[in-house]
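Student: What follows is a single structure, and I will ask about it in a moment.
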């Protein structure tokens, strides 16, 4: 622990979090206990510490009580630590002299029926937080310049939207598309539901705007083969027909999209009489054959299975839209949709669903244990309301197959060091807090590369990703949190490279120095996860604000 002459003055603020904490812990006992802890010069309980009143209490106490450390015992640092740190900074205290203790998620919420034991655990957690806070050191944020150029991978509707949004804000954008033309799956669509706008006209409008924009460089039949660096300073290799282009990039947007599952071996699929919804789009574009009077659509064909357990979300919307377009081209056609559940989220989609019923489109529910049977010219399905199997005449069977991850998603994941989920879709930093960001700073996400998205969602996400990417571009530099790995003992480092191999962010490298091979930390890329420090058998590496001394102080405080 620090010496007396260090004059450590810690302020502890214990939050009731309404009833989330106060409803399950003895707050009076907790407040009285906090005042007895070493170095605690001020203690206060608040109903909501994150409220304006609670924040002002912290600022006021820092100034009036001459506090040089602050501990807040409340909810999760994932959501509230930045707020409390900035409040400390506004009061003139280095924001990294702040420590947060989670007595909600880790205590009251998991011990709701154990008030006494939960209160005792909260005391332990706060005591440990105070012990660590006494050893915190001021840190200086890391600032790095940002190259004023963005890379967008994928030229579907999400990628094109992001590209235009960034270019219209005055930033250079490099758009890379592995296909021959821009537009992605949009080029294969007929109409866009629920408005029934022409897909080709919509795609052409975007493509013309991109090709005519002076700030946009387009590479088709190209792919990114190398991406090294970190936010603001990526060095990217793009393989094109004319050779490899090396470009400096500031931020990257991944909009590689998805692809439709080809239902080989399902429901006698042949691409002629039994087709997919995407193939139905082409038929409707060309005009439906006059002989097609009976159409049966089968939902969840290859989806919501053991291999693909997720719901693709947009298949139902597509089926209803195409069913209505079939009725528009042939009002006498009999269209039946066989479904497990209908996913028609959104007011306008629900309205389209109701309109389809009014136009005579029939909906029949089937159970996955007893799927429809497709034979030549008919589809047999068990009708639960009638209590028997029925045969439906079928001149055309349309299968609603799910969107699956794009080919090459895993290679892109490894290239950019960003994660994918079990289904092969890219995984955002946080589904609620950072839905368009990766955990890796400077790399963003949009469209069906993230998860199956309809056109409106893809456009919205494309704009959102562009907005997120604009933040570092507009500032010209990024401020990185200094809680990162450091080479605390250079002499102990043997340059073995174990930490380099394990770093999930590519933030470590081996360099030759006057003292031999030593690890070098790329501070802007480091996220302070601690993998390197915990695996260094020489104890050469440490993490700011999580040093061995601080961790030992917490352990000793717990054992008291």
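Computed from the coordinates by the stated procedures, all read-outs in this text should not be read as laboratory data. Treat the numbers as computed from the prediction; the structure is a model and nothing was measured. Positions of Cβ are generated from backbone atoms using ideal geometry, with glycine treated the same way; all protein chains shown enter the neighbour counts.
Student: May I ask you to order 515-526, 261-272 by the average number of other C-beta atoms within 10 Å around their residues, highest value first?
Tutor: By packing density, highest mean first, the sequence is 515-526, 261-272.
Student: Students often get this wrong, so try it: which of (i) 68, 25, 22; (ii) 54, 31, 21; (iii) 35, 27, 24 is semi-axes √(5λ) of the Cα gyration tensor in Å as calculated from the structure shown?
Tutor: (ii)
Student: In percent, how large is the relative contact order of the range 485-544, given Cα pairs closer than 8 Å and 6 or more residues apart?
Tutor: 46 percent
Student: Let me ask something additional. Express the relative contact order of the range 262-401 as a whole percentage, based on alpha carbon pairs under 8 Å and six or more residues apart in sequence.
Tutor: This gives 35 percent for the range 262-401.
Student: Does the range 325-393 come out rounded, prolate or oblate by the C-alpha gyration tensor, with a ≥ b ≥ c the root eigenvalues, rounded set by a/c under 1.5 and, if not, prolate when a/b is larger than b/c and oblate if not?
Tutor: The shape class here is oblate.
Student: Can I ask one more? Please give, to one decimal in nm, the separation of the simple spin-label points placed at residue 546 and residue 205, each 7 Å out from Cα toward the Cβ.
Tutor: So the label points at residue 546 and residue 205 sit 4.9 nm apart.
Student: In nm, what is the difference between 0.36 nm times the number of residues separating residue 259 and residue 362 and their Cα-Cα distance?
Tutor: Working it through step by step, the gained length comes to 34.3 nm.
Student: For residue 555 and residue 376, what is the calculated FRET efficiency with R₀ set at 60 Å and r taken between the beta-carbons, to the nearest 0.05?
Tutor: Working from the Cβ atoms, E equals 0.25.
Student: Taking square-rooted eigenvalues a ≥ b ≥ c of the alpha carbon gyration tensor, is the range 104-192 rounded, prolate or oblate, where a/c under 1.5 means rounded and, failing that, a/b exceeding b/c means prolate?
Tutor: oblate
Student: Taking only DSSP H segments of four or more residues, each worth -39500 (n - 2.57), what value at 222 nm results for the chain once the sum is divided by all its residues, to the nearest 500 deg cm²/dmol?
Tutor: Helices in the chain give a 222 nm mean residue ellipticity of -9000 deg cm²/dmol.
Student: If you stretched the chain out fully between residue 246 and residue 420, how much longer would it get, using 0.36 nm times the residue separation minus the C-alpha to C-alpha distance?
Tutor: 60.0 nm
Student: Counting only DSSP beta bridges with both residues in the chain, tell me the antiparallel percent, nearest 5.
Tutor: 45 percent
Student: May I pose another question? Can you tell me the Rg and the Dmax, both Å, for the Cα atoms in the range 48-109?
Tutor: Rg then Dmax for the range 48-109, in Å: 11.2, 34.
Student: Continuing with the same structure: Under a point spin-label approximation (7 Å from Cα along Cα-to-Cβ), what is the residue 350-residue 390 distance to one decimal in nm?
Tutor: Taking the simple label geometry, residue 350 and residue 390 are separated by 2.6 nm.
Student: While we're looking at this one, here's another question. Where does each of 273-286, 501-514 land if you order them by average Cβ count within 10 Å, highest first?
Tutor: For the peptides 273-286, 501-514, the packing ranking is 273-286, 501-514.
Student: Given 0.36 nm per residue, what is the gain on full extension from residue 292 to residue 475 after removing their alpha carbon distance, in nm?
Tutor: Full-extension gain reported as 60.0 nm.
Student: Angle, helix 157-168 long axis vs. longest principal axis of the chain, Cα atoms, 0 to 90°, nearest 10?
Tutor: Roughly 60 degrees between the two axes.
Student: Right, next: Which three extents, in whole angstrom, do the alpha-carbon atoms of the range 361-479 cover along their principal axes, largest first?
Tutor: 67, 28, 25 Å, listed from the longest principal axis down.
Student: Any idea how far apart residue 410 and residue 539 come out in nm if each label point goes 7 Å out from Cα toward Cβ?
Tutor: Spacing of the two 7 Å Cα→Cβ label points: 4.1 nm.
Student: Right, another one. Mind ordering 476-483, 299-306 by average Cβ neighbours within 10 Å, highest first?
Tutor: 299-306, 476-483
Student: Also, I was wondering about something else. Specify the angular offset, from 0 to 90 degrees and rounded to the nearest 10, of the alpha carbon long axis of helix 77-90 from the longest principal axis of the alpha carbons in the chain.
Tutor: For helix 77-90, the angle is close to 50 degrees.
Student: With just the Cα atoms defining each centre, how far is the range 250-300 from the range 509-554? Give it in Å.
Tutor: If you average the Cα positions of each part, the centres end up 52 Å apart.
Student: Between the range 94-165 and the range 398-464, what is the C-alpha centre distance in whole Å?
Tutor: Centre-to-centre (Cα) distance: 23 Å.
Student: How high is the relative contact order of the chain, in percent, with contacts defined as C-alpha pairs under 8 Å that are six or more residues apart?
Tutor: With pairs under 8 Å counted, the relative contact order is 14 percent.
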